[in-house]
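Inspection log for the structure reproduced underneath, given as structure tokens.
The values are calculated or read from the model by the stated rules, or taken from the named source; none is laboratory data. Since the structure is predicted, the reported quantities are computational estimates derived from the model, not experimental observations. When we count neighbours, we look across all protein chains shown, and the Cβ atoms used for this are built from the backbone with ideal geometry, even at glycine. Accessible surface is based on the protein model in full, side chains and every heavy atom, while ligands, DNA and RNA are left aside. Shrake-Rupley method; radii C 1.70, N 1.55, O 1.52, S 1.80 Å.
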Amino acid sequence: MRANERKPLITSIYTADPSAHVYNGKIYIYPSHDFEHDCPDDDNGDQYIMKDYHILSMDSLDAPCVDNGLALSEDDVPWVSGQMWAPDSAFVGGKYYLIFPAKDHDGIFRIGVAESDSPTGPFVPQKDYIKGSYSIDPAVLVDDDDRIYCYYGGLWGGQLEMWQSGSFDKDAHRPEGDEDALGPMFAEFNRGLNAFITEPKHLQILDENGAPLKASDEDRRYFEGPWMHKHHGKYYLSYSTGTTHYLCYAEGDRPDGPFTYKGRIMEPVLGWTTHHSIVQIDGEWYLFYHDCELSGGITHERCVKYTRLNIAEDGTIETIRPYDF
Ligand code: FUB
């Protein structure tokens, strides 16, 4: 195990939801920036009062992790009222994009995009959120044919259930019991990442018999934090199960599924949330994730970490026990 593996990568600020990318041979991590406060936690996620983004970078897996300072603040984005949650990044047409969720002035989560000539920003936001976007946790895949896909959505405080009718209903029924679980959302971006060019749709995650996972199947059903990686031409959707605190994955032949549940990537970490990214560095696979070790378990004061991920030739991922080493 490397010296900094499974340890907080940065201790000067609290960070979470790390989306890692390799640009020009260097590792860049796009995390949430957790805000310190003493307010109580609730199931709506009101404790996650993030106000800005700082981009982290590492020259290599053994090098120190650097905080590159303020990259985008809520004050710079006209449509944002607060709660800048888990972002991702994409490099398209010579520009670096930061894709992020935040609440608008009606308290509704939307997805916005900002761009920069540098992977660390500062990022200039588009004037409005992406039309037709809602909920949280965007993750972007630039596919081998250059098409750009956005995976997003989160239950509970992430508001995904509230859009089942096609418009926002804060009192919408939450699927339960034998009802089909809600999958994450999928839409295709245009080249400028300023519009969706397909109608957003839910992705299906199926069990071993081809049936959609049920809402009561909390060990396997989707909750939040989607990520997409490709291995030998197959598409691997990974995500958090939220209430049961696992990172799981499902496999598909197409970017928009359907996906078949395959297994668990990581057992629960210290804290409530679990959120990750999967990236190949120098030919090996790595999992970037967070826990609450740095704050001694305060759920909204998290720290990003990484560890080696063993992926077999057939795509099977070995389950990580985060504190067994
Ligand atoms: O960081 C705020 C929220 O907590 C994220 O959007 C979720 O994925 C969870 O990690």
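Convex hull of alpha carbon positions in the chain: directionally averaged projected area 15.3 nm².
In this rough spin-label picture, where each label sits 7 Å from Cα along the Cβ direction, the residue 173-residue 3 distance is 5.8 nm. Ranked by the mean number of other Cβ atoms within 10 Å of their residues, highest first, the peptides 1-8, 113-120 fall in the order 113-120, 1-8. Under Stokes-Einstein, with the Kirkwood radius over Cα pairs as Rh, the value for the stretch 167-325 at 4 °C and 1.567 mPa s is 77 µm²/s. Projecting label points 7 angstrom from Cα along Cα→Cβ for residue 146 and residue 256 puts them 2.1 nm apart. The portion of the accessible surface of the chain made up by carbon and sulfur, rounded to a whole percent, is 46 (1.4 Å probe; DNA, RNA and ligands excluded). Distance from the Cα centroid of the stretch 69-99 to that of the stretch 46-64 is 13 Å (rounded to whole angstrom). Loop-resident trypsin sites (Lys or Arg not before Pro) (DSSP state other than H, G, I, E or B) in the stretch 41-122 with no more than 12 further Cβ atoms inside 10 Å of their Cβ are absent.
Under 16 Å of direct C-alpha separation, and excluding same-chain neighbours fewer than eight residues apart, residue 214 reaches these lysines: 262. Of the Cα atoms belonging to the stretch 184-242, the radius of gyration and Dmax stand at 13.6, 40 Å.
Straight-line cross-link partners of residue 51 among the lysines, defined as a Cα under 19 Å from its Cα and at least 8 positions apart when in the same chain: 103, 127. Contact order for the stretch 115-237, expressed relative to its length and based on alpha carbon pairs under 8 Å spaced 6+ residues apart, stands at 24 percent. The modelled label-to-label distance for the pair residue 194/residue 324, using points 7 Å beyond Cα in the direction of Cβ, is 5.1 nm. Averaging the sequence gap over all C-alpha pairs within less than 8 Å and six or more residues apart, then dividing by the number of residues, gives the chain a relative contact order of 15 percent.
Which residue, 188, 208, 267, tops the fluctuation ranking in a GNM of the chain built on C-alpha contacts under 10 Å? Checking each option, the largest mean-square fluctuation is seen for 208. Measuring how big the stretch 1-50 is from its alpha-carbon positions, Rg and Dmax come out at 14.1, 42 Å.
Debye sum, Cα scatterers, the stretch 105-246, no solvent: what log₁₀ I/I(0) at q = 0.08, 0.10, 0.15 1/Å? Log10 I(q)/I(0), no solvent term: -0.23, -0.37, -0.81. Ranked by the mean number of other Cβ atoms within 10 Å of their residues, highest first, the peptides 79-85, 272-278 fall in the order 272-278, 79-85.
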